[in-house]
1. Report, in deg cm²/dmol and to the nearest 500, the calculated mean residue ellipticity at 222 nm for the chain, where each DSSP H run with n ≥ 4 adds -39500 (n - 2.57) and the sum is divided by the residue count.
2. When you count, for each residue, the other Cβ atoms within 10 Å and take the mean per peptide, how do 67-74, 196-203 rank with the highest first?
3. If only Cα atoms are counted, what is the Rg of segment 2-77, and what is its Dmax, in Å?
4. How high is the FRET efficiency from R146 to A67, r the C-beta distance, R0 25 Å, rounded to 0.05?
5. Below 8 Å, C-alpha to C-alpha, sequence gap of six or more: please give me the relative contact order for segment 78-231 in percent.
6. Name the residue, out of T181, T158, T173, whose mean-square fluctuation peaks in a Gaussian network model built on the chain with Cα pairs under 10 Å.
7. For S145, S11, which order do you get if you count the other beta carbons within 10 Å of each Cβ and list the fewest first?
8. Multiplying the sequence separation of R44 and E221 by 0.36 nm and subtracting their Cα-Cα distance, what value in nm do you get?
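A short reminder: the numbers here are calculations on the coordinates, not readings from a lab. Keep in mind that this is a model prediction, so the values were computed, not measured. Here the Cβ positions follow ideal geometry from the backbone for every residue, glycine too, while neighbour counts run over all protein chains shown.
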Amino acid sequence: MRLYIANKNYSSWSLRPWVLMKHLGTAFEEVLVPFGPDAPQAFRAFSPTGKVPCLVDGNVTVWDSLAIVEYLAEREPAVWPRDDAARAWARSASAEMHAGFAAVRHYCSMSCGLRVRLHPLPAAQAQELASQWARIDALWCEGLSRFGGPFLAGSTFTAVDAFYAPVAFRALTYSPELSATAQAYVQRLLELPAMRQWYQEALDERWRDEPHEAEIQSLGEILSDLRRSAP
């Protein structure tokens, strides 16, 4: 299998199947195609939507991170929890992440190597962003309490944790207000070997995508940049 992804510093969608496959020990070839002016055309060479991630398994092409996870689940039972209730909850929480939290995505764009203080937002936007972070916090606390932890749906890392892995990097970058339980979960994710590998490789990337950089700079103050210097 080949998994097509984009820059590790920015590509939250790519991280989801990548970290799941790495954690489960699924064999695959990583193909990184960076963002840039020619990216849409380059992505269409392997993805019908011109987007990443995209999984190619022989003559089968699977696009969209949720579809990739379900494709993997047909071959690897450990993708989802074995318990029926935990599996139903995990699928619901993953779908909520996949389709929702637009304010978190917009105002807290993923950039693993940066530490950012957001500029003050108008009251309505600030309330929307705070409400979505609060929902993420509550959802994490529910899963950890209901299924016993240390992961969201029980004792093992599954697809639902992979779906929230990009949020852990966003929490690292933007330092939102989170409960102690949620903060501990963020740290638990960040310490996973696969997450540490992704993070280090994100820091090592030397190219920059100007639209991503400009978006972040327009929304907040860059407190530190831990990435390798751009060429």
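1. Dividing the helical sum by the residues of the chain leaves -16500 deg cm²/dmol.
2. The most tightly packed comes first, giving 67-74, 196-203.
3. Taking only Cα atoms of segment 2-77, I get Rg and Dmax of 11.7, 39 Å.
4. 0.40
5. 34
6. In the Gaussian network model the winner is T181.
7. S145, S11
8. Full extension of this stretch gives 60.3 nm more.
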